[in-house]
Every structure is written in structure tokens, then in C-alpha cells.
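A.B. asks: Take a look at this one; I'll ask things after.
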Amino acid sequence: MPVVMGTAGHIDHGKTSLIKALTGTDCDRLAEEKKRGITIELGFASLDIGATEPLSIIDVPGHEKFVKNMVAGAAGIDFVLLVIAADEGVMPQTREHLEICTLLGIEKGFVVLTKVDMVDEDWLEMVKEDVRDFLASSFLAEAPIHAVSSHTGQGLEELKVEIAAFMKGFEPKRRTDLARLPVDRVFTMKGHGTVVTGTLISGQLSLGDDVVLYPKMTETKVRGLQSHGSSVETAPAGRRTAVNLHGLEVEDIERGEVLGRPGTLFPSSVWDVELTCLPSSPKSLKHRKEIHFHHGSKEVMAKVYFLDREKLEKGERAVCQMRFDSPMTGVYGDRVVLRSFSPLRTVAGGSIINPLGRKVKRFSDDVKRLDSLIGAEPEDLVQTQLELAGNEGLTFQQLSILTNTASKSLEKLLQTMGGQQKVFLFDKDSRSYVAGSRVDDLSLGLISHLEEFHRKEPMKPGVSRGEIGSTFGKRLPQKLFHALVERLIKKNEIVVAQEILHLPGHKVSLASDQQKLRDTLLDAYEKGGLTPPNIKDILDPLELVFKEAAPVYRLLQDEGLVVRIKEDMYFAKSAVDGLQKTLEGYFAENEELGPQDFKDLVGISRKFSIPLLEYMDKEKFTMRVGDKRRLRKQV
């Protein structure tokens, strides 16, 4: 399995010389580095230790001015080689580099005392004792201390043997199949074009893959892949990889961008972070403090927003929000490092608990929910994140970065949770989910909405999908609303008839006078046939105006017993159905129907014939051609 080892330590303690002595590669490639005799940029090498995969090595600069470059390199390593010069011992950047490694979650490594040829045995033993004291409370407390000389070769073979033995039982953390390569170098290779390099921290890349540079969303394609100086067709997670990109110039790409597959990462200007202020920090961290923020190979300015306090004291831990001027892309569990402006040094670090943060009200219950994300199991992460997402829900790909879970494992988990009614898949195309509890709440809300509608409109059989969608459903994603309705219909908790929704058992409720009016109107229109009475002629004897009778007219229409032909003209539905049958018989023997033909056929005046003909056209039963009509199915 591919593994990356990185160096750490103070300037001029022999990190680069040690890597050259071990591998034969000089990691100082820049002219300025060779001129000044110090490492400025990241250097790269590989070491063949007899395993199936060479060990990738990142050499980092030790000068305090280049700590940002050190963080960019250290973010991609699996274990560290802490280098301390025997003639100087522990120095400021020894301490800071070790703190950074701790904040980045590195848990394994070696301690190497270099330049032992420049000190005597007594001095060397004293330095070893100081180093052990220094490391006593760190992750390197039990690590053996190797004494070497890059100049004479003393101890180098023994160190190689120890590294090889360590590698046999070492399992690097590779939690997900999500392809991510934080870019730490961009350059042009003659004959190939633009190349980016970085550590493929998860997933894999293959020749021809469509890829995106996040967060700028620059689309490109993998034109070539190299690892350890050789061309490969596929690069696995954990390997130092050079990627030749199609159609881009060096100026199009910046260090810190992340190469990944389309639609798998999601830029956000707010992250929720579990943050620890270092005990060695010169001062506490204050709310809304601006700091240097390091993630992967990227450094940006950010502001710290504490949600349950005004400041974070030395040694304290808290959930906070990091807010950026421009979007960033991250994954749950990614490590971050914070450095202050003055003095310029590392002051805090932690891990992302929500890379798709939303602005949260301070001192609210949401702070407790965010706190529950720390170290949570994937199922709990899914549950809490969906609850935080509310009605909008989350897609499968979003849940992938919010849980840092491999695709197959996440699919299986969501299937299980779906069977337990803990999550609800409402859009199969985008694979979007909401919390099961949210569906329960929305179902109760929709049923209550219908109950209220029936109470206010007892004479209506129900409400149309469109109408309830524009009222209750307007605050929901459209597909969630439709899925919710279908779920309730399937469970027989609501009933649909001709796209009208109502609760089971609902029946139109009429007062005695309304029932009498309904019967009177229906009798008048059925007796009137194709020559119905005027509205006024019906209502005047009852001492009613149309506004008072309008609800009963609407009820008769909803019941399918009366048809409104135009604004003030109604016909019994039975009369209109009979007319259509008459016309079908006519068109069986005739191709066209003129106004006079229609008048002769049904024996009614223009007052009724013209509105009826226009109604038949509107209902697409007939089609007007000049001043004649044809049966539409014949056209």
C-alpha cells in the first residue's frame, strides 16, 4: 500500500542532507535554495525499502518564514521523520513542527539525531535525554531515537532497516474512495504541458478521467500520470502523483486547489470545526479573530467565530465556525492548522466536523448538534446532518463528504436507515435524502393543512395538488412535496380523486338551506336542458343574489353535475353530455357543421348555440375551420 513519509524539524538540522543520504536525491531543486543553502520549497524523493511500493518522501523547509510551505507538505504525510541536530538539540521550529504534526493527526514517526559526527558521546547522551523529555507527552514519546551522520554514513543503514520493519505492519488511514489530490506544485513539462503534483490522499485517478480543480470548478481531463518518475495508468491513494492536465496553463492553477472528480466536492464559505488552542499559544483566541488558515496545501485568511464563548483559552477545545472570503472544499475529519499574525506562529488546530456549514445562531441548540458530530459514527453523522439540513435535504455525494465514508459503505448504510424509516429518499435522480423525522413532521403538517382546509371550505370536496403545492408545498423542494403526497396516498392517510386531495372520510357538508338551494339549482338546470334558465330567474324568487349562491354553484361544478359555459351561463352536465352524443352522431355522417346546421340540429337560439359551440372548441371536442366546425378527432 502506498505510504508517504515527511520530514520535520528546525532549519539547518540536516533534513535535506539526510534524505539525500538515504535516497540519493537532492530535494533542494531551486537555484535560490542551493545559493542560500536552505530549503524554501517542498522537496520530493522516494526510497526503495524492499516493499512492493517505494516509500514516498516529502522534505519540508525548516525556516520559520516558510512554515506555511511546511504545513502544505505535512498535510499529505502518513508518518514523520523528526530531525534534530545533535549539536543544537531542540529548537523553536522543532517545537512548532511537532505541534503542527500533532494538529494534523499524525500518530507515528521516527526521531533522528543528525550530525552526530560533530559531537562527543557525552554530549550526544545529554541531547538524547533532553529530546526524550521534550517528547514525553507527544505521539513520539515511545519512538526510538536514531543517531546518524549524513556525512559519514553512521546509522543510515540501521535507520533504513527500522523504517522497512515499521512499514510491514503500518496501515495508513484511507477512509474513503473519494478522489482528492491537493495541489502543492504547478509547472510546465516540455512536450507535455501543464503538470500538477500532490499526494493523492484518497481515491484513485486514471488516464482519461474527467476531473475538476476545486473550488474554482475548472474542468479538465487527466492526460498523463506519473509516480516515482514512471508513467502509470492508475494512481492509488497515498501515492505522490504528477498529473498532466489537458488544456490548462500554469497561470490557471494555484497551489492549494484540489483535483477531484466532477460533482464530488462542494465549495463552501463556512466550515464548522472542532478547534483546540495550543497550550504554547502566546495568547487566547478571540471571537471574530482573523488568522492564517491552513488546510491541505492551501493557506487563506479566515475569521474564527465562536458559538458558545467569546474566546478560546490556551489548552481549551471548542466548536467554532471558520468563515472565508472565498469558498473552500473539505471533507469531514480533515485536519486544519491556525497561525496568528503577530507573532507569526502556530496557535491552534483541529478537524472539520461540517464542510458545508451554515450560519448558526450563537448559544443556540444547534451548537449542541454540531458538538455531537465530533468523532461520531457514520450513522449518527447522517442522522444529524440530515436534521440540520431540514427540508432541503442532502444528496448522496454531499453525505459522502459529510461523513467521510466510502461509497459502498454509505449506500449500504442509507439502505438500512431507509428500511428503519430514519431517512427518506425523495429524489432518485439526484439521490437526495431528508431525515425520517422531517418526513413525519411534514406529513403531520400536510394533514393539518387539509384539516384546516376542510374546516374553512366544508362545501368543497378537497384541494387540488397545484393549489396545495403553491401554499403548503412552496417551502419544500418540488420533488419532496410530490414524494410526500404519494407516500400519504399509499398509506391511505389522504385520498386523491381526479387530482383533488382530501382526507379519508371527508364529505361535503351543507347546512339545510344550502342543501335545499343545491337541489333547487340542480333541478332547474336539469329541467332546462339546452335552454337553461337565467341565474336571476332562479335566485330572485329565493330572495338571493349570486354572491350568496356562488359556493353552491362551485359545489355543483366540483361534483360534476353542472358546467359553466361562460361567466353567467350554466348547463346541467347531463345536457352537455347528451349534446356531445348528438354531435358525434351528426359527424358520423357529415364532415362539417355550420351555425345554422347546429341550430337546426338541436333547435336552440343563438343565445345558447354560440356559447355552446365555443365551449366545445375550448374543450377540444370540435375545431373551428372558418365559420364551420369539425370533429377534432377527424382533423
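A.B. asks: Looking only at region 525-548, which residues are closer than 16 Å to residue 608 by Cα and either touching a residue at least 60 places away in the same chain (Cβ under 8 Å) or not acidic (Asp, Glu) (or both)?
C.D. replies: Of everything in region 525-548, those that are closer than 16 Å to residue 608 by Cα and either touching a residue at least 60 places away in the same chain (Cβ under 8 Å) or not acidic (Asp, Glu) (or both) turn out to be 525, 527, 528, 529, 530, 531, 532, 533, 534, 535.
A.B. asks: Need at least 1 residues that are open to solvent by less than 20 Å² (accessible area, probe 1.4 Å) per element, so show me which strands (runs of 3 or more DSSP E) inside region 411-528 make the cut, counting only ones lying wholly within it.
C.D. replies: Per the criteria, 423-427, 432-435, 500-502.
A.B. asks: Moving on. Considering only helices (runs of 4 or more DSSP H) fully contained in region 566-635, which possess at least 1 residues that are at pLDDT 90 or above, open to solvent by 50 Å² or more (accessible area, probe 1.4 Å) and out of contact with any helix residue (DSSP H, G or I) (no Cβ under 9 Å at 6 or more places or on another chain)?
C.D. replies: Fully inside region 566-635 and qualifying: 573-587, 606-618.
A.B. asks: Of the residues that sit in region 1-56 and are of a type in the set (A, V, I, L, M, F, W, C) and modelled with pLDDT under 70, which one is surrounded by the fewest Cβ atoms within 10 Å (Cβ to Cβ)?
C.D. replies: Across region 1-56, the extreme among qualifying residues is 31.
A.B. asks: Further question: Yes or no: region 576-586 includes at least one residue that is of a type in the set (A, V, I, L, M) and under 28 Å from residue 514 (Cα atoms).
C.D. replies: yes
A.B. asks: Would you point out the residue of region 255-303, among those that are outside any loop (DSSP other than H, G, I, E, B) and of a type in the set (Lys, Arg), that is most open to solvent (accessible area, probe 1.4 Å)?
C.D. replies: That would be 286.
A.B. asks: Let me spell it out: the conditions are (1) open to solvent by 40 Å² or more (accessible area, probe 1.4 Å); (2) small (Gly, Ala, Ser); (3) under 30 Å from residue 332 (Cα atoms), and residue 224 meets all of them except one. Which number is the exception?
C.D. replies: (1)
A.B. asks: Which of the following residues is within 19 Å of residue 170 (Cα to Cα), charged (D, E, K, R), touching a residue at least 12 places away in the same chain (Cβ under 8 Å) and crowded, with 19+ Cβ neighbours inside 10 Å: 78, 59?
C.D. replies: Of 78, 59, the one residue that is within 19 Å of residue 170 (Cα to Cα), charged (D, E, K, R), touching a residue at least 12 places away in the same chain (Cβ under 8 Å) and crowded, with 19+ Cβ neighbours inside 10 Å is 78.
A.B. asks: I've got another one for you. Picking from 338, 388, 356, which residue would you name as being aliphatic (A, V, I, L, M) and either touching a His at 6+ places or on another chain (Cβ under 8 Å) or open to solvent by less than 10 Å² (accessible area, probe 1.4 Å) (or both)?
C.D. replies: On inspection, the qualifying residue turns out to be 338.
A.B. asks: Which one of these is over 26 Å from residue 402 (Cβ atoms), outside any loop (DSSP other than H, G, I, E, B) and open to solvent by 60 Å² or more (accessible area, probe 1.4 Å): 188, 194?
C.D. replies: Selected residue: 188, the only one of 188, 194 that is over 26 Å from residue 402 (Cβ atoms), outside any loop (DSSP other than H, G, I, E, B) and open to solvent by 60 Å² or more (accessible area, probe 1.4 Å).
A.B. asks: Further, regarding this structure: I'd like to know if region 205-215 contains one or more residues that are at pLDDT 95 or above and under 21 Å from residue 77 (Cβ atoms).
C.D. replies: Yes - at least one qualifying residue is present in region 205-215.
A.B. asks: Continuing with this model, one more query. Starting from region 155-178, take each residue that is farther than 24 Å from residue 201 by Cβ and list its partners that are in a helix (DSSP H, G or I) and open to solvent by 20 Å² or more (accessible area, probe 1.4 Å), counting only C-beta distances under 9 angstrom and pairs at least six apart or across chains.
C.D. replies: What qualifies is 156/21.
The values are calculated or read from the model by the stated rules, or taken from the named source; none is laboratory data. The structure displayed is predicted, hence computed values, not measured ones. Glycine gets a Cβ as well: all are built from the backbone with ideal geometry, and neighbour counts include every protein chain shown. For accessibility, only protein heavy atoms count, side chains too; no ligands or nucleic acids. Shrake-Rupley method; radii C 1.70, N 1.55, O 1.52, S 1.80 Å.
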